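The block underneath contains the structure these notes are about, expressed in structure tokens.
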Amino acid sequence: MLIKKPHDIKPSEITDESHYLNRRALLQSAGLMAGGLLLPSLFNPQTAEASVALDSYPNLKASAFSTDEKITTYDNATSYCNFYEFGTGKSDPSQYASKVKPKGWEVTVAGACDKPGQYTLEDILKPHALEERIYRLRCVEAWSMVVPWVGFPLVDLLKRFQPHSRAKYVRFETLYDPNLMPGQKRNVLDWPYVEGLRIDEATHPLALVVIGMYGKQLPMQNGAPLRLVLPWKYGFKSIKSIVKIEFVEKPPRTSWNLSAPREYGFYANVNPAVSHPRWSQSRERRLGSWGKQKTLPFNGYAEQVAHLYKGMDLKKQF
Ligand SMILES: Nc1nc2c(c(=O)[nH]1)N[C@H]1C(S)=C(S)[C@@H](COP(=O)(O)O)O[C@H]1N2
Ligand SMILES: [Mo]
């Protein structure tokens, strides 16, 4: 398995690193396309549960953005979860979500773009070549994990909808269905769960649409059938079970920011120098380990993303 750490990626002759990374990501996905690694037929019209029937993604290449750190066990990553729609306890999602099989999933695309509309999950996924990205994900509660995610760059999905230049932000919404997701019967958050990104964050090559993990279909408790994974941000930005994508002009109000604005900012970049009002963010515990380790700025992805926040005071805009 080819795994390159970000610091193994040679500096290019092109001075602007963001251009270099963008080009690299483009070449990479082009290469995967040419290799015929298109999404295998996800949908078997003969079965009622067609929409998320595929249960494995064999032979995926690990992308150059992957870390070579020790991978968290499948059991840990799928049983210690945050998904408040299924309860606030860490084991609630695996206990209650595993029984849920989303059928006929659709995603609404709205706002400032040329191609708004109602898309089936198949429409959303079909044109994209899948890859494996071994990413760290760091929860705001100071635990973290390393997971081989299966997905494709968010930029590739967003550009299909041809956003207008006045679309400065993207807003994402999770399914609202209290019968399927009993945690929504309680007012712990303002449902549906909403997250948002500035357009340059959303189109950064590290931002991933995820549909699987560990070479398998994404378990419901981890956000099936599709979620985001934004490895340089606290985990709550990585919204699960998305049903709506909207291109907007102003920063959207996001669920955690609405519920506790002093604790959870819009940017939520991992920052060991800025404590949460109730605990330090300087260290973290990897799921499955006892000790703690140092948390890195931008969760270790500073080289790739720090330029997005040039000139901002990240203590104020946390
Ligand atoms: N819709 C929704 N998305 C969500 C959450 C949630 O409660 N609801 N929790 C977030 C938080 S706080 C974290 S840390 C990650 C956890 O992802 P995991 O359970 O796959 O580790 O999902 C994020 N996405
Ligand atoms: Mo989190």
Original post:
With SER275, SER282 as the choices, which residue is in contact (Cβ under 8 Å) with a residue 12 or more places away in the chain, away from ligand 1 (no atom under 16 Å from the Cβ), polar (S, T, N, Q) and open to solvent by 10 Å² or more (accessible area, probe 1.4 Å)?
Top reply: SER282
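Select from region 130-145 the residues that are among the β-branched types (Val, Ile, Thr) and more than 9 Å from ligand 2 (Cβ to nearest atom) and list them in ascending order.
Applying the first criterion (among the β-branched types (Val, Ile, Thr)) to region 130-145 yields 134, 140.
Across region 130-145, the qualifying residue is only ILE134.
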Subject >> Tally of residues being within 16 Å of ligand 2 (Cβ to nearest atom) and open to solvent by less than 10 Å² (accessible area, probe 1.4 Å) across region 228-270 >> reply: 15
Subject >> Test: residue in region 142-163 that is among the aromatic types (Phe, Trp, Tyr) and in contact with a Cys (Cβ under 9 Å, 6 or more places away or on another chain) >> reply: yes
Subject >> All positions within region 286-297 that are surrounded by 16 or more Cβ atoms within 10 Å (Cβ to Cβ) and not in a loop (DSSP other than H, G, I, E, B) >> reply: ARG286, PRO297
Original post:
Across region 101-145, what is the number of residues that are aromatic (Phe, Trp, Tyr), within 16 Å of ligand 1 (Cβ to nearest atom) and in contact with a strand residue (DSSP E or B) (Cβ under 7 Å, 6 or more places away or on another chain)?
Top reply: 2
Original post:
If you check ASP190 against the conditions, is it within 13 Å of ligand 1 (Cβ to nearest atom) and free of Cβ contacts under 8 Å to residues at least 12 places away in the same chain?
Top reply: no
**OP:** Please give the number of the condition VAL274 fails out of (1) over 21 Å from the mean Cα position of the chain (by Cα); (2) at positive phi.
**Re:** (2)
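Take the conditions more than 9 Å from ligand 1 (Cβ to nearest atom), open to solvent by less than 30 Å² (accessible area, probe 1.4 Å) and modelled with pLDDT of 95 or more and apply them to LEU218. Does it pass?
no
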Subject >> Single residue of LEU125, LEU130, LEU121 found to be in contact with an Asp or Glu (Cβ under 8 Å, 6 or more places away or on another chain) and either modelled with pLDDT under 95 or under 17 Å from GLY223 (Cβ atoms) (or both) >> reply: LEU121
**OP:** Please state which of the following conditions PRO251 fails to meet, knowing it meets all the rest: (1) closer than 25 Å to GLY87 by Cα; (2) not in a strand (DSSP E or B).
**Re:** (1)
**OP:** Please tell me if GLY300 is surrounded by fewer than 16 Cβ atoms within 10 Å (Cβ to Cβ), more than 16 Å from ligand 2 (Cβ to nearest atom) and either modelled with pLDDT of 95 or more or of a type in the set (Phe, Trp, Tyr) (or both).
**Re:** no
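Output the residues belonging to region 130-178 that are of a type in the set (Gly, Ala, Ser), open to solvent by less than 10 Å² (accessible area, probe 1.4 Å) and farther than 26 Å from PRO297 by Cα.
Of everything in region 130-178, just one residue is of a type in the set (Gly, Ala, Ser), open to solvent by less than 10 Å² (accessible area, probe 1.4 Å) and farther than 26 Å from PRO297 by Cα, namely ALA167.
The values are calculated or read from the model by the stated rules, or taken from the named source; none is laboratory data. In this text, all values refer to a predicted model and were calculated from it rather than measured experimentally. For neighbour counting, all protein chains shown are included, and Cβ atoms are generated from backbone atoms with ideal geometry for every residue, glycine included. Ligands, DNA and RNA are stripped out before the accessible areas are found, and what is left, the full protein with its side chains, is counted by its heavy atoms. Shrake-Rupley method; radii C 1.70, N 1.55, O 1.52, S 1.80 Å.
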